[in-house]
Structure formats: C-alpha cells, structure tokens
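**Student:** Encoded as structure tokens, here's the structure I'll be asking about.
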Amino acid sequence: MKITLLSLVSILFFLSVSASSNPSLLHSLKVPSLTDTTHFEDELSYSLYRHSCSHAEGIIYRKVRDWVKKDPTIGPSLIRLHFHDCAVRGCDASILLDHSGSEKSANVSKSLRGFELINEIKAELEKKCPKTVSCADILTTAARDATVLAGGPFWMIPFGRKDGRVSLAKEATAVPMGRESITQLIEFFQSKGLNVLDLVVLSGAHTIGRTTCESVQHRLYNYKGTKKPDPSIDPQYLNYLRRKCRWASENVYLDATTPKTFDVQYYQNLKKKMGLLSTDQLLYSDSRTKPIADALSFESSLFSNQFSVSMVKLANILDYKSQDYGEIRTRCNRVNK
Ligand code: HEM
C-alpha cells in the first residue's frame, strides 16, 4: 500500500492531538500546568531587527559558517546548547551566564560547548548595533544556521527574546540526560508546552553530533543490575560500542551510520536497535512514540518540515519572569551591571 505524504501528516497530526487530548493515551501522565512557561509568539516579531540591526542574521550566519568550517563538531553543540537554554526558564540565554552556581555549572551542562562562538558573535554585533540583539536571539539563530549547515532545513525566526538575569544550577538538573523513561520525557516536554510529536521529532537532532561514553556505559555490561548488556542493543553494535567506549571521556557519534548529515538515518537506526542513548532507543519501543518514529524513518521531507515547526515551538518558549525583568546583555556570559 502506498502511503502518501498527506496521509502521513494526518497520522502525525492525529497522534499529536490525541496524545494531548485522549485520556487513555495519557493514562499515567501527570499534565503539568503551564502557568510559568508558555508560548509568547505574539511578543516576538519577524521584523524586529529590520531597521535596528539589518545585518544581524548575516553576521551570525557567517560566524557560524566560519567556525563550522574549522571545527564541524561545533554545529551540533550549538543546537544542543539552544535546547538546554530553552529547557530552563525559557529561551533567555540563562545557560550562557558563567557566574558560580549558574546553569552552566550543573553536571548536566558539563559537556555543553559553543559558548565562545556566541560570545564572539555578540562582540561583533555590539560593534555594529550596540545593545540591540539579545543573546537569546543570537543562540536561537546560531542553532538554526548550524542545522542548515549540516544539511537540515531552514526556518524563519521571530525575534525579541530578552536575556534573563537569573541562572541557577539546581534548575538545570531537570534537563533530561538520557536515562529517563518515555513517560518522564513526555512529562518534561509537556511542562514546556511541547507534545509527543515534538519530543520524537526534536530527538531527531541526534542525527548529528556525539556524546561522551559516560552516557552509554551503563547499557554495555551490567544493565539495571542484570550483569548483562541492554537487550535492546544490536549485538554487532554492542561490540563496536564496547571497543569504542573503554573510557567514559571518549566520544561516540549519536548516529553511527551518517553522523555528520542531518537526515532520517537516526530513526532507521532505532529500527535496527542502534539507538545510542537509552532514551533514543526507547522511542522505538513505546506505543506512544513508536508510530511517529516509524513514520519519520522513511519520509525525509516530513522530518525536515516537522523539525522546523518543532524548533520554532522550542525557540518560542518564554518565561514571563525572564522576559519582564530581562534585558539585552552587552556580553553574553554576564548580566549587565
Ligand atoms: C529528549 C530528550 C533528550 C535527551 C535525553 C538528550 C540527551 C543528550 C545527551 C546525553 C547528549 C550527549 C551529551 C554528552 O555527553 O556530550 C546529547 C547530545 C545532543 N543533543 Fe540531546 N537530548 C535530548 C533532546 C535533545 C533536543 C530536543 C535537541 C535539540 C533540538 C538535542 C540535541 C542534541 C545534539 C545536537 C547533541 C550533540 C551535541 C554535540 O555533539 O556536542 N537533544 N543529548
């Protein structure tokens, strides 16, 4: 039977709507209220910098492109940095602050990279249009450009995020690290206003980039105290990982097949029991997420389109406190005096 793109989109739409409205699908889910974090699309504007800093997007793109040319591993790191920013107090650049006890100092943040590049972009923008472009907008745009440079989709970004003045390590501990259950992931995403479809689609960012072996070693020998490896790893892939991951500090690609290309191979790997993080592989065994991962695995235009949509949703998560008391920082790693 030939499945058309339209019917796939309908399936995904149905899944995302029913997952958030059908109580039977939400059986064990606690649905958090969205009092603190919500989507403020109306507060953002596509034309904000048109007159005040018309070259902002060009400056950001060229910097990201030049850095990626020198070090291609920086692209995926920017996308992850953006996710970690938006996951705590909304997209307010709170992850970039480097005072003691800030989000950046939390354990979950220790392998985050890309800070110097954002600081460099900011320094250049301050010369061209002082106190105009927020660090949160810079990070959002840099993540989009990194996606494009890896072969992924382009999307338009509305601007106007403020930079927050508060950043607390203890709040960053809520960001998933790769050992959570699907229910925990769904709950975390829901608490940010993102649904099951967004979870599966955004996890597809793991089609590029890498992890330290520390995140996977627990799956390789004594999984959950069984003295055996995680049974959901393909045996050949397991051998490869055991050889590759002798040291926790070693790096391994999240997508073992096409690690540098933004494509649907990540989802195809899940079918072959080659998901690297346990949270990746679980997407293919849970009935709430598997049909979506399956559909994405053979329809790359669907992945590209939906990735853009979900990234815009991610980037529009704003915390009203960060926004009301926010500012345009002059340096991204510290609040203004
Ligand atoms: C669903 C929950 C998620 C979990 C549990 C998770 C977990 C992780 C972990 C453990 C790493 C490797 C960290 C390290 O050791 O260096 C990682 C890397 C990465 N994550 Fe996620 N992540 C999630 C969602 C996302 C989302 C929503 C995005 C972006 C939209 C994203 C983008 C990335 C990228 C691009 C990398 C590679 C970073 C690099 O190469 O430097 N992740 N993620």
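Values quoted throughout were computed directly from the atomic coordinates according to the rules given, and no laboratory measurement underlies them. Predicted model only: the values in this text are computed from it and were never measured. Cβ: placed from backbone, ideal geometry, glycine included. Neighbour counts: every protein chain shown.
**Student:** Can you list residues from other chains, or at least 5 along the same chain, whose modelled amide H is less than 5 Å from the amide H of Glu299?
**Tutor:** Amide H to amide H, under 5 Å and 5 or more residues apart or across chains, Glu299 pairs with nothing.
**Student:** Moving on to the next point. Kindly provide the helix-only [θ] at 222 nm of the chain, computed as the sum of -39,500 (n - 2.57) over DSSP H runs of four or more divided by all residues, to the nearest 500 deg cm²/dmol?
**Tutor:** -13000 deg cm²/dmol
**Student:** Given H placed 1.01 Å from N in the peptide plane, which residues other than close sequence neighbours of Arg210 have an amide H under 5 Å from its amide H?
**Tutor:** Correct list: Leu254.
**Student:** To continue, here is another question. What Kirkwood radius, in Å to one decimal, follows from the Cα pairs of the stretch 192-307?
**Tutor:** 14.4
**Student:** Between helix 135-149 and the chain, what is the angle of the helix's C-alpha long axis to the longest principal axis, kept within 0 to 90° and rounded to the nearest 10?
**Tutor:** Once rounded, the angle reads 50 degrees.
**Student:** How large is the Kirkwood hydrodynamic radius of the chain, in angstrom, based on all distinct alpha carbon pairs?
**Tutor:** 20.5
**Student:** So if we plug the beta-carbon distance of Lys170 and Lys131 into 1/(1 + (r/R0)^6) with R0 = 35 Å, what FRET efficiency do we get, rounded to 0.05?
**Tutor:** Given R0 = 35 Å and the Cβ-Cβ separation, E is 0.70.
**Student:** May I ask you to sort His218, His51 by Cβ crowding, counting other Cβ atoms within 10 Å and putting the fewest first?
**Tutor:** In increasing order of surrounding Cβ atoms, one gets His51, His218.
**Student:** Separate question: Jot down the radius of gyration and Dmax of the stretch 238-283, Cα atoms only, both in angstrom.
**Tutor:** Considering the stretch 238-283 through its Cα atoms, Rg and Dmax are 10.8, 29 Å.
**Student:** Give me the extension gain from Tyr221 to Ser301: residue separation times 0.36 nm, minus the current Cα-Cα distance, reported in nm with one decimal.
**Tutor:** So the extension gain works out to 25.0 nm.
**Student:** Here's a follow-up. Through the Karplus equation 6.51 cos²θ - 1.76 cosθ + 1.60, θ set to phi - 60°, convert the phi angles of the stretch 234-248 into ³J(HN,Hα) values in whole Hz; use x for Gly and Pro.
**Tutor:** 4, x, 5, 5, 4, 4, 4, 5, 5, 6, 6, 9, 6, 10, 4
**Student:** Return the tail of the calculated pair distribution for the stretch 79-148, meaning the percent of Cα-Cα pairs more than 18 Å apart.
**Tutor:** Within the stretch 79-148, distances greater than 18 Å cover 35 percent of Cα pairs.
**Student:** Would you mind pulling out the separation of the Cα centroids of the stretch 37-104 and the stretch 166-192, in Å?
**Tutor:** First find each Cα centre; the distance between them is then 20 Å.
**Student:** Starting from the Cα of Lys244, draw a straight line to each of the aspartates and glutamates and keep only those under 12 Å, dropping any in the same chain fewer than 8 residues away.
**Tutor:** Output for Lys244: Glu214.
**Student:** In the structure displayed, which of Lys69/Lys272; Lys131/Lys313; Lys127/Lys162; Lys127/Lys313 lie more than 22 Å apart, Cα to Cα?
**Tutor:** Checking Cα-Cα distances, Lys69/Lys272; Lys131/Lys313; Lys127/Lys313 exceed 22 Å.
**Student:** Tell me, what HN-Hα J-couplings in whole Hz come from the Karplus equation 6.51 cos²θ - 1.76 cosθ + 1.60 at θ = phi - 60° for each residue of the stretch 309-324, using x for Gly and Pro?
**Tutor:** Per residue, the Karplus-derived 3J(HN,Hα) values read 4, 5, 5, 5, 4, 4, 6, 9, 6, 10, 9, 4, 5, 4, 6, 5 Hz.
**Student:** Convert each backbone phi in the stretch 202-208 into a coupling constant with the Karplus relation 6.51 cos²θ - 1.76 cosθ + 1.60 (shift: θ = phi - 60°), then list the ³J(HN,Hα) values in order as whole Hz, x for Gly and Pro.
**Tutor:** Computed from phi, the couplings for the stretch 202-208 are 5, 4, x, 4, 6, 6, 10 Hz.
**Student:** For the stretch 116-222, what is the Kirkwood estimate of the hydrodynamic radius, computed as the reciprocal of the mean inverse distance between distinct Cα atoms, to one decimal in Å?
**Tutor:** Final number for the Kirkwood radius of the stretch 116-222 is 16.9 Å.
**Student:** Okay, moving on. Would you pull out the residues with amide H under 5 Å of Ile317's amide H, same chain only if 5 or more places away, H placed 1.01 Å from N?
**Tutor:** Long-range HN contacts for Ile317: Cys91.
**Student:** Then there is this: Got a sec? Charge dipole of the stretch 143-216, +1 on Cβ for Lys and Arg, -1 for Asp and Glu; which of Pro176, Val148, Val200 is way out at the positive end?
**Tutor:** Positive-end residue among those listed: Val148.
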